[in-house]
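Here is the structure we will look at.
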Amino acid sequence: MATHTKPVLHGYFRSSCSWRVRIAFALKGIEYDQVPVNLIKDGGQQLTEEYKKLNPMQQVPAVEVDGIRLSQSLAVIQYIDETRPGPRLLPADPVKRAQVRMISDLIASGIQPLQNLYVLQKMGAEKVQWAQHFIVRGFEALEPMLKQTAGKYCVGDEISMADVCLVPQVYNAERFKVDVDAYPTIKMLNQTLVELEAFKVTHPSRQPDTPVDLRA
Amino acid sequence: MQQVPAVEVDGIRLSQSLAVIQYIDETRPGPRLLPADPVKRAQVRMISDLIASGIQPLQNLYVLQKMGAEKVQWAQHFIVRGFEALEPMLKQTAGKYCVGDEISMADVCLVPQVYNAERFKVDVDAYPTIKMLNQTLVELEAFKVTHPSRQPDTPVDLRA
């Protein structure tokens, strides 16, 4: 078994994928170091040769933990869940676990990659419409899905990786002026979750690299 | 989400291919599709997610329909970008297969993505590890019998 080390998270305050990992660490009670990667400054610090060694996809987050380098937030989250004690981030029941992954993947494959910085930079003047389009499309699907699976949280009454994915995506939706009131289940779950400590302390407005004008 | 695939199994409806695959792996006997070792398991998910979140959604039918005349360039751009990252990643993790010497969900994701790359005329020879792994995998029965050219709904002109 690999020796457990203190994780180092390379991320960006406003990256929703980085925020997912921060939330997961907070929920598990894991201390970690943060190395900010500014996606805008110097043409994008994720594009340096040095960062490429950490994550050849040149995206955030990347995590150094237990002697390995991991990218892809859901791979990181499940690794941490499987190797650290503390509350489970994926349910014990296989059906519920599948539902958690289905919701997480809808967000992490079906919405976020279509509205991340790299893609929006390619859309130029149309970027807000493009982002809204894909977030709305995803939320139109997510709402009925969550209506079926949700209890107190996205899947039943235990916090899971699905909740970890939902809140940062709602933040993005609000940022692009999508009307989240149109999705009552999403809205209600988000309102419950943002009051929890793990979601508050990891919020983009409270990170080491949050610009002064965006600080809480 | 009005996408494929969707699976009805054990009284539930599941979408998102990797959620389906892991559910099947966790509830059915047979060869593991994810390794027992947590580090290897994380690497399998990392590779699978690079493909399933980092490449494929940017070149699926829905998005390409929005790109109009630019669709081939757009598809090539995102496949090349993903393969540029996948190649060094696989160089580190691969043995006989994507992660070590056991077939995994990563291999399951790789082959269909290489098929897409070829369809959009991306030069896969530029990625020797990807090419080698794909060549090994496409010879296996599970990859052959499920090939797009041999399905019930394969159009006549595309049949193997």
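For this structure, a couple of remarks:
- Rounded percent of accessible protein surface that carbon and sulfur make up, chain A, 1.4 Å probe: 51
- Of all accessible heavy-atom area on the range B:34-146, the percent that carbon and sulfur account for (1.4 Å): 52
- With all protein chains kept in place, the per residue accessible area of the range A:41-126 amounts to 39 square angstrom at a probe of 1.4 angstrom.
- For the range A:68-138, the alpha carbon convex hull comes to 100 Å³ per residue, rounded to a whole number.
- Buried accessible surface for the A/B chain pair comes to about 3500 Å², total over both chains, computed with a 1.4 Å probe.
- Principal axis dimensions, the protein assembly as shown - Cα atoms, whole angstrom, descending: 59, 48, 43
- Longest DSSP-loop-exposure-free segment, trypsin sites (Lys or Arg not before Pro), chain B, at most 16 other Cβ within 10 Å: B:33-95
- Lys, Arg +1 and Asp, Glu -1 on Cβ, resulting dipole of the protein assembly as shown about Cα centre, debye, nearest 20: 320
- 1.4 Å probe accessible area per residue over the range A:163-214, in Å²: 46
- Two-decimal Rg to Rh for the range B:80-128 - Kirkwood Rh, Cα set: 0.96
- Estimated FRET transfer efficiency when R0 is 35 angstrom, pair B:Ala36-A:Lys6 (beta carbons, to 0.05): 0.90
- Euclidean distance between Cα centres, the range B:85-160 to the range A:80-102, Å: 29
- Surface exposure of the range B:34-146, expressed per residue as accessible area with a 1.4 Å probe, stands at 44 Å².
- Distance between the range A:1-38 and the range B:1-31 - C-alpha centres, whole angstrom: 29
- For the range B:35-56, a drop of 50 Å² or more in accessible area on going from the chain alone to the assembled protein chains (1.4 Å probe) is found at B:Val39, B:Ala42, B:Arg45, B:Met46, B:Asp49, B:Ser53.
The values are calculated or read from the model by the stated rules, or taken from the named source; none is laboratory data. A quick note: this is a predicted structure, and the numbers were derived from the prediction, not measured. Every residue, glycine among them, receives a Cβ derived from its backbone with ideal geometry; neighbour counts consider all protein chains shown. Ligands, DNA and RNA are stripped out before the accessible areas are found, and what is left, the full protein with its side chains, is counted by its heavy atoms. Shrake-Rupley method; radii C 1.70, N 1.55, O 1.52, S 1.80 Å.
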